[in-house]
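Have a look at the structure below before the remarks.
Read the figures in this text as sums done on the coordinates, not as results from a lab. Just so we're clear, the structure is a prediction, and the values are computed from it rather than from any experiment. Note that each Cβ is placed from the backbone with ideal geometry, even for glycine, and that neighbours are counted across all protein chains shown.
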Amino acid sequence: MVSTETENDVTTEQDEPKQQRGIKAAVIPAWVTVDVRGIAPGLLMDKLTDTAIGGGKLNLDEAFEAAKYLLKPKRPARPGGPKCTYGIPADGLKSCLVDAGRIAQSIHKDTFSMVKIRGGVFVANGGPDGYLPIEDTGLISIKRRIRTQDNKSAVEKKSPILKAGWQCRFVLRYNAAIYNQDHIIQLVNAAGFGVGLGGWAPRSQCGGSYGCFEIVNAFAEIEDGEHSE
């Protein structure tokens, strides 16, 4: 065996192949921007839990206002757009994407495990208040009855709903060592179709149809905050 030795280290022919091979990167940060549009019947905002309302802590109108996802401060959903009043919780979107893994697994079983999504896909454009701005098309309300905290009676609740057609921009940071852009678009599509955001969504206990959305545009980010159409 031939060896070359210096004062501080020794290198042999057996060592060289390992050094030349290198190690495959475990994390390769990448970004994709996805514009979505809400579909019927709309997005039901439920910032305040039914338990708090059922406990009698707020009256009907107070609970209606407390349930809204209000932006502080108001800001546009995209550069040059109008300032928005309402938003979507970034944590709620992340949870929505993780749950969508159950649907996407039917296409790519190993790639879309929920564990990989939790550690491999992140919402990158949540504001200081934790919300993604929504360009809304109007606000309506519905009344429904919910059970009280002791489950012995029911109280009336008035819920705020953003009408179908609302739009939002998701900037997602993902691990390109696991996913490519098409994977992320498939995941968002599954989330919008079968999981949803807000209250009475498909993933909720009631299995509703609120909070669903569809993709209208998607483009890759060159780096965080800059994109290529």
So, counting K/R as plus one and D/E as minus one, what does the shell of residues with Cβ under 10 Å around Arg169 add up to? -1
Using the count of nearby Cβ atoms within 10 Å as a rough guide to exposure, how do Ile140, Ile23 rank from fewest to most? Ile23, Ile140
Per the Cauchy relation, a quarter of the hull surface: what is the mean projected area of the convex hull of the alpha carbons in the stretch 29-228, in nm²? 11.5 nm²
Fully extended contour minus Cα-Cα distance, from Ser204 to Asp61, at 0.36 nm per residue: 49.1 nm
The answer for Thr137, listing residues at least 5 apart or on another chain whose modeled amide H is closer than 5 Å to its amide H, is Lys163, Trp166
Cα-Cα longer than 22 Å, checked against Lys83/Lys143; Lys47/Lys143; Lys47/Lys163; Lys143/Lys163; Lys83/Lys163, kept in input order, equals Lys83/Lys143
Gly198 neighbourhood, Cβ < 12 Å, K/R = +1, D/E = -1, net charge +2
Show me the ranking of peptides 156-167, 76-87 by mean Cβ neighbours inside 10 Å, starting with the highest. 156-167, 76-87
